[in-house]
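**Student:** The structure that follows is given in the form of structure tokens.
The values are calculated or read from the model by the stated rules, or taken from the named source; none is laboratory data. Remember, it's a predicted structure, so these values are computed and weren't measured experimentally. Virtual Cβ from ideal backbone geometry, glycine too; neighbours counted across all protein chains shown. Side chains included, ligands, DNA and RNA excluded: accessible areas come from the protein's heavy atoms. Shrake-Rupley method; radii C 1.70, N 1.55, O 1.52, S 1.80 Å.
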Amino acid sequence: PKRIPAKTVPQTADFFQTKAAPAVPPQEPSFEQILAENQRILDEQQRRLQEFQAQQEAEARRRAEEERKRREEEIRKQAEELQRQQLELRRLEEQNRREEAENTARQMQLELNELVLASEKELDEATRAAEPILNDARRTGLKDEEAIKAAEDFEGGRGRVQAALKAASVFMTGKHKQLVGVLEETRKAAMDIIQRVGKIERSLALASGKVNTVKLAAQQRRDAEARREAALKEAKRQEDIFKRFDSDSDGKLSSGDIVRLCREEYSFELTDARLDHISKSDCFKPTDGVPLAKFSVLRTLIGIARGEVIAKQRREEAERRRQLALEQVAKVDKDAAEATEGILGIETEVAKAEKQAAPLATIQHQRIFQPAAVEGAVEQIDIAIEAARDFVAAVQEQLQALGGGEKGQAGLEVEAQSQARRHAQQIGFRLKGFESRLARAEGIAKTARQKVELHNRKAALLREADLALQ
């Protein structure tokens, strides 16, 4: 509080009460004494006022300090209450989160358990199908065909188990944290399900290894037996062929028998040079014929001879086709030259149509004074365009059958077909140019024809109007 000036202090008896001075004989005080007394009284009042102000200031500070402490205590209590509420809220949120996590984990475990149960069921069925292989006692007397059949049945079951496991794996991918939950009991249940999945995979891999081993051995034995039987059948067939071509049944094939064998069995004529080579070989010379024991060597020599004949035939065929291609290319060039001659007629008719259309192009935006002359020019243009298009159609027909004759280009060799395509592209490009020029001339003629028709209608209307006025 502000200090009150001395002159404004209320002059109350209670406030400025002082002790009474001792009785003295009455004496008229001097002016200096009066002034000193007044000054003393003022000083005393000033001192008391300052003490009062100091007390007021101390009281105000005390009250302010108490108010500050009270407010700080209130703020502290509010902060503690807010912190307590926040902790309680976080506790409730954490509790809700844990409950939601547990509910989600239990639901996911139920779904995953269904998938694992399906996998276990499929594994049991596949294992039962492979029981003859997996059971050591039953596998001892198992036939190869039965083992292969059991392995194939197991393969079908194994595919279904793998599909079920894949579904479970896809379900678990990226969901391990949600699956295990937060409680130890839930986490343990999740780990049990995951371990069951691993157990199924290990059991399937173990069973697959045993089944594949037994199946492979059975297939090898079966294939070996099939090859042995095929070899026996082939040996029997070769023996039958040998006996069929052994004309004198002396147990060996003579030169004539070998020639007939090549003609009837291998479909080619054995040359004298190759027959002489066979006659001088070790399979023929010692016994003056080929016995059954050396029939396989003879077949090898016949195969060599047949290969030479086939190679010769291929060379002859290649040469024949080369000559044919040269002839066809020459014919294609000749037909293309004939088709090119038809272009001269097209050029003549197109030039004629353009010449007739040139004067008409200038009257497209003008008035017609001689409609009869315009009609004649239009007719000449139409005749020239029709003639040109007849020539174009004839040339196109020649291009379609270029060098092909009755069979068309499909019967040509590759070289001739390529040559025909080149000529067709070149001539076709020129025909497109003629078509564009004809289209322009035809457009001019069409416009001129429309103007003539419009002129004639106007003239007819004017004549009718004149008759009406008469």
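**Student:** Could you list log10 I(q)/I(0) for region 145-249 at q = 0.15, 0.18, 0.21, 0.23 Å⁻¹, which the Debye formula gives when each Cα is one point scatterer?
**Tutor:** -0.80, -0.93, -1.06, -1.15
**Student:** Could you work out what % of the accessible surface of the chain is carbon and sulfur, using a 1.4 angstrom probe and leaving DNA, RNA and ligands out of the count? Show your work: numbers first, answer last.
**Tutor:** Numbers: 17400 of 32260 Å².
Of all accessible area on the chain, carbon and sulfur atoms account for 54 percent.
**Student:** Kindly state, to the nearest 0.05, the FRET efficiency for Glu72 paired with Ala163, given R0 = 60 Å and r defined as their beta-carbon distance. Walk me through the intermediate numbers first.
**Tutor:** On the way: r = 71 Å, r/R0 = 1.19.
My answer for the efficiency is 0.25.
**Student:** In µm²/s, what is D for region 231-275 at 10 °C and 1.306 mPa s, where D = kT/(6 pi eta Rh) by Stokes-Einstein and Rh is the Kirkwood radius from Cα pairs? Spell out each step's value before the answer.
**Tutor:** Details: Rh = 11.2 Å.
Taking Rh from Cα pairs, D becomes 142 µm²/s.
**Student:** Another question, then. Pop out the Kirkwood hydrodynamic radius of the chain from its pairwise C-alpha distances, inverse of mean 1/r, in Å to one decimal. It would help to have the intermediate numbers written out before the result.
**Tutor:** On the way: mean 1/r = 0.0247 Å⁻¹.
After inverting the mean inverse Cα-Cα distance, the result is 40.5 Å.
**Student:** Loop by DSSP (not H, G, I, E, B), at most 13 other beta-carbon atoms within 10 Å: where is the longest site-free stretch of the chain for GluC sites (Glu not before Pro)?
**Tutor:** Values: sites that count: Glu265, Glu269.
In the chain, the maximal stretch lacking such sites is 1-264.
**Student:** Quick one, can you get me the convex hull of the C-alpha atoms of region 130-201 expressed as volume per residue in Å³? Don't skip to the end; give the middle numbers.
**Tutor:** Details: hull volume 5.7 nm³, N = 72.
Normalising the Cα hull of region 130-201 by residue number yields 79 Å³.
**Student:** Which helices count as membrane-span-like in the chain under these terms: full DSSP H, at least 18 Å along the axis by C-alpha, Kyte-Doolittle mean of -0.5 or more?
**Tutor:** On the way: long enough: 31-129 (143 Å, -1.62); 144-172 (41 Å, -0.22); 184-245 (89 Å, -0.82); 295-361 (94 Å, -0.31); 371-400 (43 Å, 0.33); 414-469 (80 Å, -0.61).
What comes out of the filter, once short or polar helices are dropped, is 144-172, 295-361, 371-400.
**Student:** Here is a further query. Restricted to Cα positions, what overall size does region 254-302 have along the principal axes? Three whole-Å values, descending.
**Tutor:** That gives 27, 20, 17 Å along the principal axes, largest extent first.
**Student:** Amide H of Lys252: which non-local residues (sequence gap of 5 or more, or other chain) have their own amide H closer than 5 Å, using H built in the peptide plane?
**Tutor:** Here nothing satisfies the definition.
**Student:** Could you do me a favour and compute the accessible area per residue for the chain, 1.4 Å probe, result in Å²? List each step's numbers first, then the result.
**Tutor:** Values: 32260 Å² over 470 residues.
Counting only protein heavy atoms, the per-residue value for the chain is 69 Å².
**Student:** Right, another one. Could you compute the longest span of the chain free of chymotrypsin sites (Phe, Trp or Tyr not before Pro) located in DSSP loops and having at most 13 other Cβ atoms within 10 Å, not counting the site residues?
**Tutor:** That gives 17-368 as the longest site-free run.
**Student:** Please list log₁₀ I(q)/I(0) at q = 0.11, 0.22 Å⁻¹ for region 248-350, using the Debye equation with identical point scatterers on the alpha-carbon positions.
**Tutor:** The calculated log intensity ratios at q = 0.11, 0.22 Å⁻¹ are -0.52, -1.08.
**Student:** Related question: Okay, helix-only estimate at 222 nm for the chain: each DSSP H run of n ≥ 4 adds -39500 (n - 2.57), divide by all residues, round to 500 deg cm²/dmol; what do you get? If you can, show how the numbers build up before the last one.
**Tutor:** Details: 11 runs with 375 residues, N = 470.
Helix-only estimate at 222 nm: -29000 deg cm²/dmol.
**Student:** Next question. Using a 10 angstrom Cβ neighbour count of at most 10 plus a DSSP loop assignment to flag exposed trypsin sites (Lys or Arg not before Pro), which longest range of the chain is free of such sites? If you can, show how the numbers build up before the last one.
**Tutor:** Details: sites that count: Lys2, Lys19, Lys280, Arg367.
Excluding the exposed sites themselves, the longest stretch runs over 20-279.
**Student:** With N residues in region 415-470, what two-decimal value do you get for its Cα radius of gyration over 2.2 N^0.38 Å?
**Tutor:** On the way: Rg = 24.2 Å, N = 56, 2.2 N^0.38 = 10.2 Å.
Dividing the Cα radius of gyration by 2.2 N^0.38 Å gives 2.38.
**Student:** I would also like to ask the following. From the P(r) of region 33-98, could you give the percentage of C-alpha pairs in the tail past 15 Å? Write out the running numbers ahead of the final one.
**Tutor:** Working: 1571 of 2145 pairs.
Percentage above 15 Å: 73.
**Student:** Lys and Arg at +1, Asp and Glu at -1: add these up for the other residues within a Cβ distance under 12 Å of Glu397 and post the number. Working shown, then result.
**Tutor:** Numbers: positive: none; negative: Asp335, Glu338, Asp390.
In short, -3.
**Student:** For Gln85, put the label point 7 Å out on the Cα→Cβ axis and report which residues of region 61-76 keep their amide N under 16 Å from it.
**Tutor:** The answer is 74-76.
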